[in-house]
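The values are calculated or read from the model by the stated rules, or taken from the named source; none is laboratory data. The shown structure was predicted, so the numbers you read here are calculated from the model rather than taken from an experiment. Every residue, glycine among them, receives a Cβ derived from its backbone with ideal geometry; neighbour counts consider all protein chains shown. What goes into the accessible areas is simple: the full protein's heavy atoms, side chains included, and nothing from ligands, DNA or RNA. Shrake-Rupley method; radii C 1.70, N 1.55, O 1.52, S 1.80 Å.
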Amino acid sequence: MRKAMMVAAAAGAVLLVAGCGSDGGGSGKNKGGSSSSSTGSTTGGSEAGGGDSPDAATVKKEIGTAATAAGFTEDPSGDAVPAELKSCMVSWTADAGKAADPKKSFDATVTALTGGGWKEGQATEQSGSTVKTLNKGTWSVKASNHGAAGFAIVMFIGTDNTPQCEALFKADLEKNKKS
């Protein structure tokens, strides 16, 4: 339960630090302690990251392959994606405690993903946290590394920004508001 709360807090930090939207594949970077969020809308299509768009299984496999090669293992208790969103969203949480150096492994994972066709977009660094946006086709991945003394959370959350998926995300949000 405590671990789930820590992951939820880190996910909240991702949203606060990086914002919810995609930056449309731009290369703007924000470093040095100020936070920013993208307020632009995503239009989907190949302009979000260029090239053909992968499916959810491919995105998850690419993240897993890059992260594993960089020294991470997947944390089996990471956030589960709701069944109705599995074609539009992926979540890969590293067991950062098992990595020799979570920051180096995070950087190596991002490098491997960009070498595999993901385009790096917005990046934010603040108070020991790094959040980078990677885009490929209609997909955006928020790669986040939150570290402090004795505490590290590394997550990769991917979303498909097509109108169909955005409608599913909106419906899920509305459903959860009523719960």
Within the stretch 137-156, restricting to residues that are open to solvent by 30 Å² or more (accessible area, probe 1.4 Å) and not aromatic (Phe, Trp, Tyr), the one that is modelled with the lowest pLDDT is Ala149
In this structure, is Val110 of a type in the set (A, V, I, L, M) and assigned to a strand (DSSP E or B)?
no
Pairs, please: C-beta under 6 Å, at least 6 apart or cross-chain, first residue closer than 15 Å to Ala108 by Cα and in the stretch 65-78, second β-branched (Val, Ile, Thr) and modelled with pLDDT of 95 or more?
Ala66/Thr109; Ala67/Thr109; Ala70/Thr109
Which residues, taken from the stretch 58-84, are of a type in the set (A, V, I, L, M) and over 15 Å from the mean Cα position of the chain (by Cα)?
Ala69, Ala70, Ala83
Cβ-Cβ distance below 6 Å, separation of 6 or more or different chains: which pairs start in the stretch 93-117 with a residue that is at positive phi and end on one that is charged (D, E, K, R)?
Gly117/Lys136
Report the residue count in the stretch 157-168 for those that are within 24 Å of Lys103 (Cβ to Cβ) and either in a loop (DSSP other than H, G, I, E, B) or open to solvent by 70 Å² or more (accessible area, probe 1.4 Å) (or both).
0
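I'd like the full set of residues that are in a loop (DSSP other than H, G, I, E, B) and either surrounded by 14 or more Cβ atoms within 10 Å (Cβ to Cβ) or at pLDDT 95 or above (or both), limited to the stretch 44-54.
Gly44, Gly49, Gly50, Ser53, Pro54
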Mind counting the residues in the stretch 75-122 that are buried (at least 16 other Cβ atoms within 10 Å of the Cβ), under 30 Å from Ala171 (Cβ atoms) and touching a Lys or Arg at 6+ places or on another chain (Cβ under 8 Å)?
6
